[in-house]
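The values are calculated or read from the model by the stated rules, or taken from the named source; none is laboratory data. Because the structure is a prediction, the values reported are computed rather than measured. Neighbour counts run over all protein chains shown; Cβ positions are idealised from the backbone, glycine included. Keep in mind that these areas ignore ligands, DNA and RNA; they rest on the heavy atoms of the full protein, side chains included. Shrake-Rupley method; radii C 1.70, N 1.55, O 1.52, S 1.80 Å.
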Amino acid sequence: VLSPAPHEIAGEISTAPTTLVRQIDTVRRILSTQYAPIPHIFELARRVGMSESKLKRAFKEHFGTTVFEYGLECRMRRALELLQANATSICQVAECVGYQHQTSFTAAFRDHFGFLPSEARMRRSHAS
């Protein structure tokens, strides 16, 4: 027979762990769907009702990556999808994923994937 978990007292289960998971999952959903404008950490923390430091720590512990890294990964994946799916210009793709300048986007994309945004379409057409 298992003894009750520390957060279970007199048959009541604390909602703290569940609430925390819900809060950081909400942040994850925001990051994976809101590309522009790029959500700032203080806005995310405010939206889910926790401090920035607690959000950063809990997110990293739960998902194994930082809020910033996760947001960047989501935006880069979306950019790649847009570049490979249609004839949207690189400038328009940059704006769609939160970059004000195409040059900043191009550098971030190249650092992330190891090839230029202009090469993304060629890679898709060669993969077909």
For the range 12-21, does any single residue satisfy the condition of being modelled with pLDDT under 95, hydrophobic (A, V, I, L, M, F, W, C) and within 29 Å of Phe113 (Cα to Cα)? no
Residues that are farther than 16 Å from Phe105 by Cα, buried (at least 18 other Cβ atoms within 10 Å of the Cβ) and in contact (Cβ under 8 Å) with a residue 12 or more places away in the chain: does the range 81-88 have at least one? no
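One residue is enough: does the range 61-71 have a residue meeting the conditions within 14 Å of the chain's Cα centre (by Cα), in a helix (DSSP H, G or I), under 19 Å from Cys96 (Cα atoms) and not aromatic (Phe, Trp, Tyr)? Write out each step before concluding.
Going residue by residue through the range 61-71, those that are within 14 Å of the chain's Cα centre (by Cα) are 62-71.
With in a helix (DSSP H, G or I) added as a condition, the list becomes 62-63, 67-71.
Going one step further and asking which of them are under 19 Å from Cys96 (Cα atoms), we end up with 68-71.
Still in the list and also not aromatic (Phe, Trp, Tyr): 69, 71.
Yes.
Here is a yes/no grid of residues against (1) modelled with pLDDT under 95; (2) under 30 Å from Ser118 (Cβ atoms):
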position: Val27; (1), (2): no, no
position: Ala36; (1), (2): yes, yes
position: Gly49; (1), (2): no, no
position: Lys60; (1), (2): no, no
position: Thr65; (1), (2): no, yes
position: Leu72; (1), (2): no, yes
Just the residues that are open to solvent by 60 Å² or more (accessible area, probe 1.4 Å) and in contact with a Leu (Cβ under 9 Å, 6 or more places away or on another chain), please, taken from the range 39-69. Glu52, Lys54, His62
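When you look at Ser3, is it surrounded by fewer than 12 Cβ atoms within 10 Å (Cβ to Cβ) and modelled with pLDDT under 95, yes or no?
Values: surrounded by fewer than 12 Cβ atoms within 10 Å (Cβ to Cβ): yes; modelled with pLDDT under 95: yes.
Yes, satisfied.
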For residues in the range 96-112 being over 15 Å from Gly71 (Cα atoms) and surrounded by 15 or more Cβ atoms within 10 Å (Cβ to Cβ), which is farthest from the chain's Cα centre (by Cα)? Gln102
